[in-house]
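Here is the structure we will look at.
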Amino acid sequence: MRNRLTGILFLCSSLSVFGQTVSDSSLTIVKHLEDIEVVQQRTASFVEQRPERLVVDMSNLQFMPKFLGTSDPIRYMQSLPGIQTNNESSTGIHIQGCDDYQTLITINGAPVLYPNHLLGLYSTFINSHFSTMGIEQAEHTGLMENRIGGWVDFSTHTSIPKRFGFNANIGLINSDITFAIPIGGKHALWVSARSSYINALYSKFLKSDGFNVRYHFMDFNLTYSGQLTDKDQMVVTGFYSRDKMRLFSDSEKTQIGFPWQNIVGSAYWEHALESGAWRTTAYFSSFDNQLEAAVDSVHVQTDEQFAVTGIKNRLTWSFNEALHLSAGVDYAHYLSRPLAFGIHGLAMFETQTTVPEMEHADEVSLSADLRHVVCRWFAYNAGVHASLYFYKKERPQWALDPRVSLHFMPAKDHAISLHYGMYHQYFHKAGLTGGGLPTDFFFLANQRFSPEVAHACNLKYVGTFYKKQFSISAEVYFKQIYHIVESTGNVLQVLNKRFTYDDYIVTGNGRNYGASIMFQRNTGIVTGYISYTLGWARRSLPGLEGFTDYRYAASSERRHDLKAVINAHFAKRWNISAMFVLATGLPYTKAEEAYMMNGKMVCHYSTYNGAHMPLYHRLDLSCSCDIIKTKEHELGINLSLYNTYAHKNAQFVVYRENFKPILGSGMSTIIPSISIYGKF
């Protein structure tokens, strides 16, 4: 029996047509420093450097280099300092050494549990359906929900379009379309859909490690926005994403199926007060993942479900120009079945099925945050997040998380922030394989697996120079994490009798620390930025022999991470952009041998995460030409090259005969894409 981790090599170019009817084509960044709101619009500068939340206009992503005809928002975030570069097999967000599930990703405040398509080639977000993307890396207020990482929030369109419009993207891999439908003068619908059709054109080329590959994905978004009264607004959003992958040998003696799906629904009502606002949000989010495998006469099935339903209440109130209060009351109900497992047909085993019972848990949170502008050069945020967690009939667990931020502005264009925060998280995530396959599973915190806890602090400086032509930011961070989990299981061990996921879970602590710096040019013919992050994500797991005192690296650690993004306007109608990344290879555990003993699969490994993939580097180029450019209409063409010099970056490990490891790559060639963009 051999363990194969597979990758997919896509060799294609795509043609796309899309129109933008409901949003401006410039980058809009809104920042709040003290009590002043500053709005800046640029078409050349991608990033506004500042200590607080970054809000990005989604339409600006068209100026970034595209991949298979699409500018993906998750890949854009990975170009920012402090957010780890990933390879082609993952679009997860790893902020300052944290795992992807530790970062909260939401649509209008409703969590999205698994925002990736196969191997991370795309995220599940259709750009044209959303107006802005908000990013908080480390500095959170008391209202930040219970996660120990960052927060990324996608906001849908809420303003009422003046007329009917649509955006369409037609390519050789997938197509998407978004309709903006005004209803009267105070109501509107946005409807988006995306579907792939890889199998129709590329089925003959989709082979990997002796397997034929069939794959399909789809995304649907529906948003209603209504201005009920002068002070009341309601927004309802629905999201559905489904993937289905099948691998089979030429003889069809081996077949593997991976279907998984996300469902998210939310509705919020916002009421404007005399000196503030009140918002109530109800939401539902679920993730369902299955695996079906048949190897000769052996059949294996797994099933995992995780869902959360909740309601949020938020109050913002301004006592005066210098004193502002935010408060919240939240409730969430968790539903989890971590890993149901069944196997039959293996001669040495009896037919067996492991179906964990459905787990339930409840979480209640109270939060508050006070912002006080003391004087021109100093302000602070002081907040607290209190939570109470109920799991079955166990004794309730509670937490009281303080969060404090100090903001110093020694000069007009310079800011320094110092932040400390404590954070809890009441669920975990582990997995059986890597390679971008959706074999991870969620499970709830309990008395055996305590909630994850983090103490985080960071110091950041942001400054602009020479009439704001240049800016620089530098940050130092440290995060101590308790009760993290790691899975020592793998796909071979599911063949053992009475397999249960928690037999292969070890717990321990983590320590993330490092520094990042970014230099940016904001104006001129050539704009862009270069950033460098030096970071450690160390783990201490007493359950693994010899792995104490933070001696080994987390699976997502990249010690060095260098990124450069350039955008140039050499002529009125021409725009050229480039992105280069250079990063340390990811760590992995090298398997040495596997054999059967007394009816059990036994695997021997070298040092846990003791091996590293080779250095990762890649260059992407993009060129856009505006054929028509007016205030109301826009038409142009874009050519993008992904992995311009066709470097073969290692992504996974395949074990051949004699259990010899071979580094594999699912993306070893240049990937061109051609697209036509428009605004009508």
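What follows is calculated from the coordinates using simple rules that are stated; it is not laboratory data. Note that the structure is predicted; figures quoted are calculated from it, not measured. Note that we place each Cβ from the backbone using ideal geometry, even for glycine, and neighbour counts take in every protein chain shown.
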Beta carbons within 10 angstrom, averaged per residue: use that to sort the peptides 570-582, 529-541, highest first. 529-541, 570-582
Sorting check: for 550-560, 73-83, 156-166, which peptide has the highest mean count of neighbouring beta carbons within 10 Å, and how do the rest follow? 73-83, 550-560, 156-166
Computed FRET value (nearest 0.05) for F164 with A322, which takes r as the C-beta separation and R₀ as 56 Å: 0.80
Could the peptides 373-383, 414-424, 271-281 be put in order, highest first, of the mean number of other beta-carbon atoms found within 10 Å of their residues? 414-424, 373-383, 271-281
W278 versus N199: modelled label distance in nm, points set 7 Å from Cα along the beta carbon direction: 5.2 nm
Two pseudo-spin positions, 7 Å from Cα along C-beta at K244 and at I517, lie apart in nanometres by 5.3 nm
How high is the FRET efficiency from I676 to D232, r the C-beta distance, R0 41 Å, rounded to 0.05? 0.50
So if each residue of separation counts as 0.36 nm, and I subtract the Cα-Cα distance between I530 and F378, what length gain in nm does that give? 51.8 nm
Diffing the stretch 293-308: the Karplus 3J(HN,Hα) column from phi (6.51, -1.76, 1.60, θ = phi - 60°), in whole Hz with x for Gly and Pro, holds 10, 9, 10, 6, 9, 8, 10, 10, 10, 10, 8, 9, 9, 8, 8, 9
As an exercise, use a Förster radius of 41 Å and the Cβ-Cβ distance of S540 and W269 to find the FRET efficiency, rounded to the nearest 0.05. 0.35
So A474 and L315, fully extended at 0.36 nm per residue minus their Cα-Cα distance, gain in nm 53.9 nm
Mind giving me the nanometre distance, one decimal, between the label points for H569 and K253, set 7 Å out from Cα along Cα→Cβ? 6.3 nm
